[in-house]
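Below is one structure, written out as structure tokens; comments come after it.
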Amino acid sequence: MIVYNLFPLLAGRFPAWIPYVERAAEMGFDWVFVNPVQRPGASGSIYSIADYFELNPALIEPTDPRSGDDQLRSVLQAARDHGMRTMADLVIDHCAVDSVLVSEHPEWVALDPEGAVMHPSCKQDDSIVVWEDLAELNHRGTADPEGLYQYCLGVVRHLLGLGFDGFRCDAAYGVPAELWHRLIAETKDDRPLTVFVAETLGCTPWETAATAAAGFDFVCNSAKWWDFRSHWLLEQRKLIGEQVPSIGFPESHDTPRLAEETYGNPNASKLWYLFTALFSAGCLIPIGFEFGFRRALNVVSTRPEDWETVSFDLREFIAAVNQLKTAISLFSQESSMLLLPSSNPAVLIMWQGSAALGQEGLLFFNTDIWHDQHVEVGDLRAFVQSGRPLVDVSPEFRMDYVAVAPFSYDLRPGQGIVLVTRSPRTSQ
């Protein structure tokens, strides 16, 4: 999955989404992920859903004679016409505290010992953050588990009926695995190609693996927080990859903008997009990443007026990375991966390989986004098992010929080199 996250509050009303869908297609994305589009509660947060079967009025174009449902269907069909599938945000861990579910089905809502509605929370640094606009759904203790399950299944079927092809399951770890297993199985009985992605950020690898075992097709990984040195990410990848492939991202709607964190340096955005795209079977960027946007997306207050002046334009680079990922099978699955010794601590060298595909890759990343860095390897053939020639398939600055012994190169700031033992033409 090569995913473009179209954040609805920034994109605006449904008919205005078409140019963003077209741009995603031009960059080679094959999925469009849309955050919640249902009517929010009083807080205005799109993750605080008041009515799962009514669209957010802020997204409906009032001058369009079509219904809101038909406006959305038209956009999703446009994505399909451009060769992309679409993924909705499925939020069934909680609802808005002022949702009709709280008043009409109090037996589905988690209550504390005093009988008050429980709010989801998480640990952030040394404090606990409580979302008081949310009501936790009581999947594990409700007196009416079948009623709550059938409601959730109805939400899934409704979104599929609007034209979505899959789901990013928000806070998947908060919903019992047995419910996911049944929900996914019953959905795929009717729609076998439906894709389910588990959002498990903040979970341990063991918790993520346990969630993935409920039948998910993908999970989100933690590559965004890696320091390019420690081994925890590769260990996490191996543990989770045994269960399910993962999706990496340089930033998301939940994180600060990478361009803001790196003072608007386009080399950082190139480095991180190339790394996450090659490291993971799937990858994702939110709308605006391609232009170096620096203002974080906000689930309450973001509006189309927050569209920023373009800092830099990475569309051509992103398209080249996506084409590389699509053309070479090695980079679209959770293949074996190792860190290799480097003569320069600023240069990360990784080996990637798949016995099933008969493919190997050597990846070089200059993790210094401000300066050139030199790397030397006595003989690249010592890192490759097959002995076949190496071909440079990098998204930019490709070498016509790879001198393997010795290999010596001055990497530009943030530059990545991608060498494979087969050319893209023979790698299917």
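Key figures
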read-out	value
Enumerated strands (runs of 3 or more DSSP E) restricted to the range 25-71, each holding at least 1 residues that are small (G, A, S)	49-55
Identity of the residue in the range 240-275, touching a Gly at 6+ places or on another chain (Cβ under 7 Å) and surrounded by fewer than 24 Cβ atoms within 10 Å (Cβ to Cβ), that ends up nearest to A24 (Cα to Cα)	P266
Residue match in the range 157-173 (condition: farther than 23 Å from I240 by Cβ, exposed (fewer than 15 other Cβ atoms within 10 Å of the Cβ) and not aromatic (F, W, Y))	yes
Filter pass, E178 being closer than 29 Å to G282 by Cβ, in the same structural domain as R80 (by TED's automatic domain parsing), touching a helix residue (DSSP H, G or I) at 6+ places or on another chain (Cβ under 7 Å) and of a type in the set (D, E, K, R)	no
When residues of the range 72-108 are limited to those that are part of a helix (DSSP H, G or I) and of a type in the set (D, E, K, R), the one nearest to V3 (Cα to Cα)	R80
Tally of residues being of a type in the set (S, T, Y), closer than 21 Å to D170 by Cβ and free of Cβ contacts under 8 Å to residues at least 40 places away in the same chain across the range 42-79	0
Hits in the range 293-314 (condition: surrounded by 14 or more Cβ atoms within 10 Å (Cβ to Cβ) and closer than 20 Å to K270 by Cβ)	F293, R294, E308, S311, F312, L314
Selected residue (only one of A135, A185 is under 13 Å from D93 (Cβ atoms), among the small types (G, A, S) and under 27 Å from the mean Cα position of the chain (by Cα))	A135
Check on W307, more than 22 Å from the chain's Cα centre (by Cα) and at negative phi	no
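Matching residues to (1) under 27 Å from V299 (Cβ atoms); (2) modelled with pLDDT of 90 or more:
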residue: C203; (1), (2): yes, no
residue: E207; (1), (2): yes, no
residue: F216; (1), (2): yes, yes
residue: D227; (1), (2): no, yes
residue: K238; (1), (2): no, no
residue: Q243; (1), (2): no, no
residue: P250; (1), (2): yes, yes
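The values are calculated or read from the model by the stated rules, or taken from the named source; none is laboratory data. Please read all numbers here as calculations on a predicted model, not as lab measurements. Heads up, the Cβs are rebuilt from the backbone with ideal geometry, glycines too, and the neighbour counts pull from every protein chain shown.
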